[in-house]
Amino acid sequence: MAFLNELKEILAIKSRADFSHMCGKERSHISNYLNGVRKPGIRVLRDCLLNATVSRVFDNPPDENTRLGKKARALRDHVLGSIVSDLFREEIRACQEVEAIPDQQGLLPRFGGVYILYDSAGNVLYIGKAKNFRTEVWQTLGRSIPVGMRFGPSMRKVNPTIWDLAAYLSLYQIDNERLRHNVEALLIRVFINQTHNSNIGKFKVG
């Protein structure tokens, strides 16, 4: 079926097994549809379109350095922002988005919210919440990465600090403390495979 083949290509999904999984359909059925052995119905096409697209954006996002990855990231950020606004009736104010980390602690604001630290390629290193960005972001930058890495000509294994790897910072002002915690927990779940956070965090409902 031309539609499913085009969808697979647009979403840059390489294998049929991955495509079947992301569509939520049996692999044998998807293979038959892709080969033209069987013709999918409207419900199957609709399910594949929605499920595969959502999975590509949230569960298995493409490389953010690609055009598709940049669009997926923008859509993910927009959806997360809309969900938070609708659920909590609270506003999240973006104070800084993927900008260079200031070289002085005093240049960071004193209010609280959620912050994200990125490496030079834009990959997420750490997600955290703070009552005071000026003190807590600086403390996080001084933490050691729990994963050993090899640097320099000797390739000696070391545990660098987040400062050694971080290049960019995003700050989102959130006044409500419970909302701040839940946004942090949600973001860590979305970016779990790319972070060096020590735990996933639990949602607060009370």
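Based on the alpha-carbon gyration tensor of the chain, what equivalent-ellipsoid semi-axes (square roots of 5 times the eigenvalues) come out, in whole Å, largest first?
On the way: eigenvalues 278, 99, 38 Å².
They are 37, 22, 14 Å, listed from largest to smallest.
Give me the percent of accessible area attributable to carbon and sulfur for segment 30-74, probe 1.4 angstrom.
Working: 1460 of 2820 Å².
Of the solvent-accessible surface of segment 30-74, carbon and sulfur hold 52 percent.
Please compute the net charge surrounding Ala74, taking Lys and Arg as +1 and Asp and Glu as -1 over other residues with Cβ under 15 Å from its Cβ. Don't skip to the end; give the middle numbers.
On the way: positive: Arg56, Arg67, Lys70, Lys71, Arg73, Arg76; negative: Asp63, Glu64, Asp77, Glu97.
Once all neighbours under 15 Å are counted, the net charge is +2.
Hey, which of these cross-link pairs are over 28 Å Cα-Cα: Lys71/Lys157; Lys14/Lys39; Lys8/Lys70; Lys39/Lys70; Lys70/Lys129? Don't skip to the answer; put the middle values down first.
Values: Lys71/Lys157 36 Å; Lys14/Lys39 22 Å; Lys8/Lys70 18 Å; Lys39/Lys70 33 Å; Lys70/Lys129 25 Å.
Cα-Cα > 28 Å for Lys71/Lys157; Lys39/Lys70; rest within.
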5 Å is the cut-off here: which amide hydrogens, built 1.01 Å from N in the peptide plane, fall below it relative to Phe111, excluding neighbours closer than 5 in sequence? Phe133
Given the DSSP H assignment, sum -39500 (n - 2.57) over each helix run of at least 4 residues in the chain and divide by its residue total; what's the result at 222 nm in deg cm²/dmol, nearest 500? -13000 deg cm²/dmol
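Considering Cα pairs under 8 angstrom that are at least six residues apart, work out the relative contact order of the chain and quote it in whole percent.
17
The values are calculated or read from the model by the stated rules, or taken from the named source; none is laboratory data. The shown structure was predicted, so the numbers you read here are calculated from the model rather than taken from an experiment. Don't worry about glycine lacking a Cβ; one is built from the backbone with ideal geometry, like all the others, and counts go over all protein chains shown. We work out accessible area using only protein heavy atoms, side chains counted, and drop any ligands, DNA or RNA first. Shrake-Rupley method; radii C 1.70, N 1.55, O 1.52, S 1.80 Å.
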